[in-house]
Every structure is written in C-alpha cells, then in structure tokens.
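Undergrad: Take this structure first; my questions come after.
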Amino acid sequence: MRVLVVFNHPYKGSFCNAILTSVLSGLATGGHEADLIHLDDDGFDPVMRAKDLKAFVLGSKDRDAAAGLIDPQAADYIRRAEQADHIIFIFPIWWELMPALTKGFIDKVVFPGFFYDYTPSNKGMINRMTQLKGVTMITTMNTPGIIYRLVFGNAIKKALLLGTFWKVGIKNRKWISFNYVKFVKPERREKWLSDIEARMRRLS
C-alpha cells in the first residue's frame, strides 16, 4: 500500500520520533510505500487565513476556483493524500488535544471539494477519497489512559476519529495510544516500539 505518514513533533529526541522510526521501518519491511509529511520540518503554517477560508467556502461549489486560493503547501498535502491508500498520524497529546500543526493540517487539508463533498440536501458528507482504505492515529501522552477516558472523555477519539473522519466517510479508523510515557520503564517503551513496527508490517 501507499501510506501517507503525517508527523508532528518538534523535538528530535521525543518518543514520537522513536515511533516514527519504528513506523517507517515496519512499513518498509512490510513492502509498503511510505510518503512522509513532517509538519515541523516543512515549516507548515497551520493558520486558516482569509484566503484559505474563502477556498473552504468555494470548495464544494467550484473546485477550480478553490484550488487557486488554497495555500500551495496545503495543496501539495491534498495531492499526496489523494494518492494514499492509508494515512497514519503521529503526534503527542498536549493539553488533551493535538498540537497546532496537526489541527492546522486537518483544517487545511480535509477540505470540501477535495476530501469530501456535501450531500444534495446539505445534511451529510460524501467521501471523495474513495481510494483511502483507512486512517490510523498514533499518539503519546503522559496522562494515564483511564484518566484520559473518564475525565477528559477520550477527546482525541471524539475530535478526529468521530468528529472528522467518521463524518467524511472513512470507515476503517484506528487509534493507538501510548500513555503515561514519561513514567514507564525504558524496557516498556522498547516493547511498544517493537509492537508498533510489527503492526505496521501487517498494515492493511
């Protein structure tokens, strides 16, 4: 499969970077083709400017007009997403949600007229990414998983897996969460990395 990996973490020594290495290794060993978008290294602008918002409004009505307004970097990301069979997001959970660059990627790439369309009645959405077999979120956080579920309501799951990708019609949605990362033993983190590499080899 052709897999688009969307990565967001500015610190090279982070556990997210170790996960990225394992993910890319697993994909390569499994015979998959990986296309890496490193939002931090790309200097991606996550802000929806007035021109971006105008493109968003035009997207479902006039795709060509919208395409002329979209941030060129976001347009490149959209093109690469259109070629992907699977998208993997890797990012830390900060203050219960995704960092700004990941949020900006969602805002500026999951675009009407490109990623999805509205139904004729405007009461739902139609998936345009018909080649996309699934989306996987891989996250890290220092909060215990049970606290994140019970106190914060699994905010990432609600925001992205249900709030975004379910609405636009992606049926295969998975979330892999590594919790309490700062406090677990190094051997456990190594086991996590080994497991994620093996899982990527079997990605379908």
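Undergrad: Report the net charge of residues surrounding ASN127, where surrounding means a beta-carbon distance below 15 angstrom and charges are Lys +1, Arg +1, Asp -1, Glu -1.
TA: Here the count lands on +2.
Undergrad: Got a sec? Charge dipole of the chain, +1 on Cβ for Lys and Arg, -1 for Asp and Glu; which of PRO46, SER14, SER121 is way out at the positive end?
TA: My answer, from the dipole projection, is SER121.
Undergrad: Also: Carbon and sulfur together cover what percent of the accessible area of region 6-73 at a 1.4 Å probe radius? Please list the in-between numbers first.
TA: Details: 1910 of 3420 Å².
After summing per-atom areas, the C and S share lands at 56 percent.
Undergrad: Order ASP64, ASP42, ASP117, most accessible first, counting only protein heavy atoms with a 1.4 angstrom probe.
TA: Details: ASP64 125, ASP42 65, ASP117 35 Å².
If we order ASP64, ASP42, ASP117 from most to least accessible, we get ASP64, ASP42, ASP117.
Undergrad: In debye, nearest 20: dipole of the chain around its Cα centre with unit charges on the Cβ of K, R (+) and D, E (-)?
TA: The calculation lands at about 780 debye.
Undergrad: Based solely on C-alpha atoms, express the radius of gyration and the Dmax of region 106-197 in angstrom.
TA: In order Rg, Dmax, the Cα atoms of region 106-197 give 16.5, 54 Å.
Undergrad: While we're looking at this one, here's another question. Rank these by accessible area, largest first, 1.4 Å probe: LYS108, LYS133.
TA: Result of the area sort, largest leading: LYS133, LYS108.
Undergrad: Now for a different question. Could you order SER204, SER194, SER14 by accessible surface area, starting with the largest, using a probe radius of 1.4 Å?
TA: The ranking, largest first, comes out as SER204, SER194, SER14.
Undergrad: Okay, next question. Viscosity 0.692 mPa s, temperature 37 °C: give me the Stokes-Einstein translational D for the chain in µm²/s, with Rh taken as the Kirkwood radius over C-alpha pairs.
TA: For the chosen part, D equals 186 µm²/s.
Undergrad: Separate question: Percent relative contact order of the chain, based on C-alpha pairs within less than 8 angstrom and at least six residues apart?
TA: Relative CO of the chain lands at 27 percent.
Undergrad: Taking R0 as 45 Å, what's the FRET efficiency between GLU82 and ALA18 from their Cβ-Cβ distance, rounded to 0.05?
TA: Efficiency, rounded to the nearest 0.05: 0.90.
Undergrad: On to the next question. Just the accessible area for GLU33, please: 1.4 Å probe, Å², rounded to the nearest 10?
TA: Solvent-accessible area, nearest 10 Å²: 100 Å².
Undergrad: In addition: Given 10 °C and 1.306 mPa s, how large is the Stokes-Einstein diffusion coefficient of region 32-91 in µm²/s, with Rh as the Kirkwood radius over Cα pairs?
TA: The estimated diffusion coefficient comes to 123 µm²/s.
Undergrad: Could you provide, to the nearest whole Å², the per residue accessible area of region 2-201 with probe 1.4 Å?
TA: Values: 9750 Å² over 200 residues.
Value returned for region 2-201: 49 Å² of accessible area per residue.
Undergrad: Just want the answer: with Cβ charges of +1 for Lys and Arg and -1 for Asp and Glu, which residue in GLY31, TRP192, GLN73 is farthest toward the dipole's positive end in the chain?
TA: TRP192
Undergrad: Could you work out the helix-only [θ] at 222 nm for the chain, with each DSSP H run of four or more residues adding -39,500 (n - 2.57) and the total divided by the number of residues, to the nearest 500 deg cm²/dmol? Mind dumping the intermediate values first?
TA: Numbers: 8 runs with 77 residues, N = 204.
Rounded to the nearest 500, the figure is -11000 deg cm²/dmol.
The values are calculated or read from the model by the stated rules, or taken from the named source; none is laboratory data. These figures come from a predicted structure and were not determined experimentally. When we count neighbours, we look across all protein chains shown, and the Cβ atoms used for this are built from the backbone with ideal geometry, even at glycine. The accessibility values were calculated without ligands, DNA or RNA, using every heavy atom of the protein model including side chains. Shrake-Rupley method; radii C 1.70, N 1.55, O 1.52, S 1.80 Å.
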